[in-house]
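The values are calculated or read from the model by the stated rules, or taken from the named source; none is laboratory data. All of these numbers come straight from a predicted model, not from anything done at the bench. Using ideal geometry, Cβ is built from the backbone for each residue, glycine included, and neighbour counts are taken over all protein chains shown. Side chains are part of the model used for accessible areas, which takes the heavy atoms of the whole protein and leaves out ligands, DNA and RNA. Shrake-Rupley method; radii C 1.70, N 1.55, O 1.52, S 1.80 Å.
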Amino acid sequence: MRPLCRNSDRDPRLDGLRALAVLSVLAFHLGLPWQGGYLGVDIFFVLSGYLIFHSLLHPKQAGTQLLRTFFLRRVMRLAPALITALFGVVLIAPFVLLPPELSFLGQSLLATALLVPNFFFWSSFDYFSTAAHDSPLLHLWSLGVEAQFYLIAPFLLLVRRWISKTWWYVFLGGAVALSFALALFAHAFHPKAGFYWMPTRFWQFGFGAFIAIGTVRAGHWASGAGIAVLVGGLVAAPSVPFWAGIGVTIGTGLLISAPRTGPVARLLGGALPTWIGARSYTLYLIHWPVIVFARLLWGPDTSWTEKLLLAAISMGLAAGVTRWVEQPAMRAGCVRPVTIGAVVGLIIAVALMPQSLWRGMYPQTVVELSAYADYKERHSFYGQTLLHRCFITDQTREGAAAFDSLTCLPPRDGRPQILLIGDSHAAHLSAALRKQADWQLGQVTMAGCRPLIAENPEGDCAALMTKTLRLQRPDLWVISARWQAEELSELSATIDRLSGRVLVLGPVPEYPGGLPQQLARDAWTGRETAPWRADPKLPQLDARVRQALAGTSATYVSLIELLCPNGPCKTRVGTVPLQFDYGHFTAEGAEYVVSRISALLTPQSTSKTMVWHVAK
């Protein structure tokens, strides 16, 4: 097979748009105050649609030679920097990632090699997932979307040979309209799929394609309007993310279709924007692994100085990869696809290495602690929470209809009745409470659903909670949730309408990245930092919940005071982590908490406060 050569012609305005896109994403990932920065990928999608269709409409070959050249050019454009970045991640990962994270990295490597990282990350995230959020390759989901577009773009052009130009415009416009309709539907009902899937992103590529075929042309006014709409979309993203994405797409399209002269064109085509834009692809590839590895080593909270340092490191590495990987390939003008194929095969081989080989690199204590990251799959999580029967999540197929009233709200058997109600921060206590024989336990829990009475309940959460709180009459309510400050007035109003004693559990200590991971890294490094890693903002929320309930009949239990007396938090029960992710209790952790508050779990108790003396 002959080597593949690439064309290095560039439009400086488009490099400026690339710079704006990648810097927005970088700022967002660093945690800088640019919360709409993730929409930078939308800019890339419109640019790709424009550039791909432009190259296909002005080919130097025809027929099957055109398809062959197109696909090989795409490989040439993506492969050198991508392979370099992947090898860098693979080399560093064993020194930074824990066993479950390393295993997840192998899976994401395989998904990337198969051009489906977007579907992999879409399917990997669930309610309790922690390992996926620290994946150094998470950002490659967008490359998966682009690669899938590359696979269909040439065939969309081939359809043009079989029908008239007018009908082809109708065909392409219909595909764009259908994709936009799917995106609207996904926004309303399946937002995660709308974010990750190529069919719900195709309309953005298609908008760029229409500009490339000449159906969208604009005057000088489009430059000013485009930059205003684009930046406005980035700013509005935290409030209206989907509609902001539409604004970013339209603004990018206007800037591409505008004349190449004028102040906006000169700004985008300036020396610094074009320099960054020429390195935008490598910067995008490199910045996220750098940030992930740094946060795992330094902790999740980075200072402004550290953020700027990470940005500088990412930019320097991107410049180096461009200088010593991409530019030599451009100067040589060629790359042999067989070489790329061999390297991709090696990456797949690394991804398929048995997990036992990865685990053998770590001390046994580290392996055992980090295994709690997969707690709900490796332990009796179903039994601990009565998952899909009394604890409904977004993974419950029938939704709230799966709620098992006979199991969860059993008829009274003569014992005092306690009703546990709330979200997952109530469900994790279920098994520990059921082990107590002195009372009969009922349970109504739903993930992400606070136990509040709604005047006009809409949706499964509000309907289930409102019905339960209005109709049930237990001897003791045990109410627990991941409380939100803006809902505390509703909580106090709800308690005022309940009969029987009410026990409200406050927020639990939360650990960014997960407590087992913190403990495993402590065991790996020989340090003890986990007791001081709990979210420092939660004591303030704890105080606000206590204050909101001060005028009610409820007894309030501060789990912050129980578990974090005088600062450092209790993190283990014996050798077992107290919590299996950022905040949910293990079975042992739940039993410990229930044992400490057992004096309050009787219908006859009149105590309003307790003084905690916590054993380390």
Within the set of pairs 6+ apart or on separate chains, which have a first residue in region 32-51 that is farther than 21 Å from ASN118 by Cα and in contact (Cβ under 8 Å) with a residue 60 or more places away in the chain, a second that is in a helix (DSSP H, G or I) and β-branched (Val, Ile, Thr), and C-beta atoms under 7 Å apart?
TYR50/ILE211; TYR50/ILE256
How about region 437-447: which of its residues are in contact (Cβ under 8 Å) with a residue 60 or more places away in the chain and surrounded by fewer than 14 Cβ atoms within 10 Å (Cβ to Cβ)?
ASP438
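Rundown of residues vs (1) of a type in the set (Val, Ile, Thr); (2) modelled with pLDDT of 95 or more; (3) farther than 18 Å from ARG389 by Cα, yes/no style:
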residue: ARG415; (1), (2), (3): no, no, yes
residue: HIS425; (1), (2), (3): no, yes, no
residue: ASP438; (1), (2), (3): no, no, yes
residue: VAL444; (1), (2), (3): yes, yes, no
residue: LEU452; (1), (2), (3): no, yes, yes
residue: TRP477; (1), (2), (3): no, yes, yes
Criterion violated by SER380 - all others in (1) in contact with a Cys (Cβ under 9 Å, 6 or more places away or on another chain); (2) open to solvent by 50 Å² or more (accessible area, probe 1.4 Å); (3) touching a residue at least 60 places away in the same chain (Cβ under 8 Å) satisfied
(1)
Counting just the residues of region 67-80 that are at pLDDT 85 or above and among the hydrophobic types (A, V, I, L, M, F, W, C), which one comes out least open to solvent (accessible area, probe 1.4 Å)?
ALA79
Of the residues that make up region 592-607, is at least one at pLDDT 90 or above and either under 23 Å from THR365 (Cβ atoms) or touching a strand residue (DSSP E or B) at 6+ places or on another chain (Cβ under 6 Å) (or both)?
yes
How many residues are in contact with a strand residue (DSSP E or B) (Cβ under 6 Å, 6 or more places away or on another chain), in a helix (DSSP H, G or I) and either among the aliphatic types (A, V, I, L, M) or open to solvent by 30 Å² or more (accessible area, probe 1.4 Å) (or both) when one looks only at region 403-436?
4
Can you find, within region 47-66, the residue that is farthest from GLY320 (Cα to Cα) among those that are in contact with a helix residue (DSSP H, G or I) (Cβ under 6 Å, 6 or more places away or on another chain) and either of a type in the set (Phe, Trp, Tyr) or modelled with pLDDT under 80 (or both)?
GLN61
For residues that are among the charged types (D, E, K, R) and surrounded by fewer than 16 Cβ atoms within 10 Å (Cβ to Cβ), tally how many sit in region 523-539.
3
What are the residue pairs meeting all of these: first residue in region 386-398, first residue over 7 Å from ALA447 (Cβ atoms) and open to solvent by 100 Å² or more (accessible area, probe 1.4 Å), second residue at pLDDT 90 or above and assigned to a loop (DSSP other than H, G, I, E, B), Cβ atoms under 7 Å, and 6 or more apart or on different chains?
ARG389/ASP404
May I ask you to say which residue of ARG260, ARG279 is at pLDDT 95 or above, touching a helix residue (DSSP H, G or I) at 6+ places or on another chain (Cβ under 8 Å) and among the basic types (Lys, Arg)?
ARG279
Inside region 554-603, can you point out the residues that are among the charged types (D, E, K, R) and open to solvent by less than 10 Å² (accessible area, probe 1.4 Å)?
ASP581
Quick check: anything in region 506-515 at pLDDT below 95, open to solvent by 30 Å² or more (accessible area, probe 1.4 Å), under 30 Å from GLN472 (Cβ atoms) and small (Gly, Ala, Ser)?
no
I'm checking my understanding of the structure. Among residues of region 8-31 that are free of Cβ contacts under 8 Å to residues at least 40 places away in the same chain and open to solvent by 20 Å² or more (accessible area, probe 1.4 Å), which one is farthest from PHE207 (Cα to Cα)?
PHE28
Flag if ILE348 is open to solvent by 40 Å² or more (accessible area, probe 1.4 Å), of a type in the set (Val, Ile, Thr), modelled with pLDDT of 95 or more and assigned to a helix (DSSP H, G or I):
no
Among the residues of region 90-117, which ones are surrounded by 22 or more Cβ atoms within 10 Å (Cβ to Cβ) and either β-branched (Val, Ile, Thr) or free of Cβ contacts under 8 Å to residues at least 12 places away in the same chain (or both)?
THR112
Hits in region 81-127 - residues which are at pLDDT 90 or above, within 17 Å of the chain's Cα centre (by Cα) and part of a loop (DSSP other than H, G, I, E, B):
VAL116
Any idea which of (1) more than 30 Å from LYS537 (Cβ to Cβ); (2) free of Cβ contacts under 8 Å to residues at least 40 places away in the same chain; (3) open to solvent by 20 Å² or more (accessible area, probe 1.4 Å) is the one ILE313 doesn't satisfy?
(1)
